[in-house]
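Here is the structure we will look at.
The values are calculated or read from the model by the stated rules, or taken from the named source; none is laboratory data. Remember, predicted model here, so these are calculated numbers, not experimental data. Every residue, glycine among them, receives a Cβ derived from its backbone with ideal geometry; neighbour counts consider all protein chains shown.
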Amino acid sequence: MSANTAKALNNWENGRWIGQTLEVENGVCAVPGKLAPDNLEYTDEVKKATDHLYDEVSGFIPKFEWPAYAPLVHAINTLKKQKNAVILAHNYMTPDIFALIGDYKGDSLGLAIQATKTDADIIVQAGVHFMAETSKILCPEKTVLIPSLRAGCSLASSITGEDVKLIKQRYPGVPIVTYVNTSADVKAESDICCTSSNAVQVVESLGVDKVIMLPDEFLAKNVARQTNIEIITWHGRCEVHARFSAQDVRDMRAANPGVIVLAHPECPPEVVEESDFTGSTKAMSDYVGDHKPKNVILLTECSMSDNVAMANPEVDFVRPCNLCPHMKRITLENIYSCLRDEKHEVKVPKRIAKKARRAVQRMIDLPPPGKKGHFNPHAEPVHVKVI
Ligand code: 13P
Ligand code: SF4
């Protein structure tokens with residue numbers, strides 16, 4: 001579709017989309033345009049600069065909507081160059097963000113490592129707030145921006161640094177392993193952090209027979225089955241993964257004979273038991289790339305299937321669609337305006353950042369988890385105390 005054809009459509013006015021823009025609060029990949037700032041237009045220059053990008057997202061963005069995306073994509077990519085900025089995009093971003101403007105893409109561990117490696121002056125975190133805090137903790141001299149200050153996380157908000165201080169009083173000497181899905185003040189009270197890709201490795205790296213693992217009850221219970229180390233945990237849950245049930249998996253298998261089921265370890269243990277493979281978002285993505293299953297279900301956030309499907313067009317995806325309302329607050333529009341205005345800077349008080357950095361860096365300094373990050377779905381259940 002040429003720029004001129006786009007202008008002729010009813011939903012267009014002077015090259016701008018004026019049709020319905022779906023609210024991202026509904027958890028959909030919104031069609032940008034109506035909310036697009038600065039009257040960004042689908043000019044011939046934009047068309048020339050972006051045409052080559054369309055193929056990758058053609059399965060998700062209808063051709064007639066491309067002129068609504070292209071000006072924002074072009075503007076963001078131009079701003080990145082002008083400001084020496086990078087975008088760290090989590091696997092749960094919608095395909096427009098993930099494929100078209102993300103410089104580094106991956107799971108929580110991968111993004112944290114990339115933050116330490118970039119020589120950019122500005123990091124835009126296309127993810128949630130705790131991820132931006134982690135980048136800031138690791139790169140205190142860089143400007144770290146989060147496109148929406150409302151991009152939180154049910155796990156991060158389940159616990160505070162004060163809670164951790166009380167836990168330490170109750171269990172003196174027991175090391176605290178904290179999931180990165182927490183605020184900086186919780187990390188600051190911890191001995192070491194972990195992500196879903198290295199949790200078992202981190203727990204076993206401490207050389208003790210008992211650890212406290214915060215705040216995800218299900219991740220802790222899934223880890224406990226993979227190790228002989230006793231685990232005490234907290235009652236936090238990911239509101240996205242907690243919604244999957246074992247019966248859901250059985251129903252999906254019955255409806256899709258032969259389907260391969262991959263689960264994230266934030267799912268309840270009885271869901272993991274029903275899966276063929278369990279691992280972090282990167283581990284799931286790698287599994288699909290390596291094994292090319294004919295038909296697969298990813299028990300995780302909805303956009304992940306879209307992003308993995310882009311790289312594996314020959315694989316069929318059954319899509320149970322649990323959306324993370326926090327991740328879905330990040331849009332092309334707010335990435336553009338946050339980078340343009342350098343707004344929503346994430347700051348961490350120096351004293352907290354210094355303590356939190358020790359815990360995050362100690363995790364990063366471990367060797368890459370590799371297959372150690374894969375959970376055996378059929379491991380025996382063990383008792384885990386939840387506090
Ligand atoms: P990973 O990408 O590290 O597997 O984490 C998943 C998640 O829920 C992040 O919020
Ligand atoms: Fe938090 Fe779950 Fe959303 Fe990840 S998917 S940001 S853990 S609520």
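Within region 74-129, the residues that satisfy the criterion of being in a loop (DSSP other than H, G, I, E, B), out of contact with any Cys (no Cβ under 8 Å at 6 or more places or on another chain) and either on the phi > 0 side of the Ramachandran plot or not polar (S, T, N, Q) (or both) are Asn84, Met93, Ile101, Gly102, Asp103, Asp107, Asp119, Ala120, Asp121, Gly127.
The single residue among Thr94, Thr78, Thr134 that is modelled with pLDDT of 95 or more, over 20 Å from Met304 (Cα atoms) and under 21 Å from the mean Cα position of the chain (by Cα) turns out to be Thr134. Among the numbered conditions (1) among the polar types (S, T, N, Q); (2) without any contact (Cβ under 8 Å) to a residue 60 or more places away in the chain; (3) touching a Gly at 6+ places or on another chain (Cβ under 9 Å); (4) under 29 Å from Thr182 (Cβ atoms), the only one that Thr281 does not meet is (2). When we screen Pro215, Pro269 for residues that are of a type outside the set (A, V, I, L, M, F, W, C) and in contact with a strand residue (DSSP E or B) (Cβ under 6 Å, 6 or more places away or on another chain), the only hit is Pro215.
When the residues of region 165-183 are filtered to those that are in contact (Cβ under 8 Å) with a residue 60 or more places away in the chain, within 15 Å of His235 (Cα to Cα) and in contact with a Cys (Cβ under 6 Å, 6 or more places away or on another chain), which remaining residue is nearest to ligand 2 (Cβ to nearest atom)? Filtering first and then ranking leaves Asn181.
Among the residues of region 223-247, which ones are more than 16 Å from ligand 2 (Cβ to nearest atom), in a loop (DSSP other than H, G, I, E, B) and touching a residue at least 24 places away in the same chain (Cβ under 8 Å)? Across region 223-247, the qualifying residues are Arg225, Gln226, Thr227, Ile229, Ser245. Among residues that are in contact (Cβ under 8 Å) with a residue 24 or more places away in the chain, assigned to a helix (DSSP H, G or I) and either of a type in the set (Phe, Trp, Tyr) or more than 16 Å from ligand 2 (Cβ to nearest atom) (or both), Glu162 is not included.
Scanning region 155-184 for residues that are buried (at least 20 other Cβ atoms within 10 Å of the Cβ) and within 14 Å of ligand 1 (Cβ to nearest atom) gives Leu155, Ala156, Ser158, Thr178, Tyr179, Val180, Asn181, Thr182, Ser183. If the condition is being of a type in the set (Lys, Arg), closer than 30 Å to Lys294 by Cα and within 16 Å of ligand 1 (Cβ to nearest atom), then region 205-260 contributes only Arg243. Only one entry in Asp290, Asp316, Asp341 is over 21 Å from Leu262 (Cα atoms), acidic (Asp, Glu) and away from ligand 1 (no atom under 12 Å from the Cβ), namely Asp341.
Scan region 269-301 for residues that are more than 14 Å from Asn376 (Cα to Cα), within 16 Å of ligand 2 (Cβ to nearest atom) and of a type outside the set (A, V, I, L, M) and the total you get is 5. Residues in region 45-73 that are without any contact (Cβ under 8 Å) to a residue 12 or more places away in the chain and in a loop (DSSP other than H, G, I, E, B): Ser58, Pro62.
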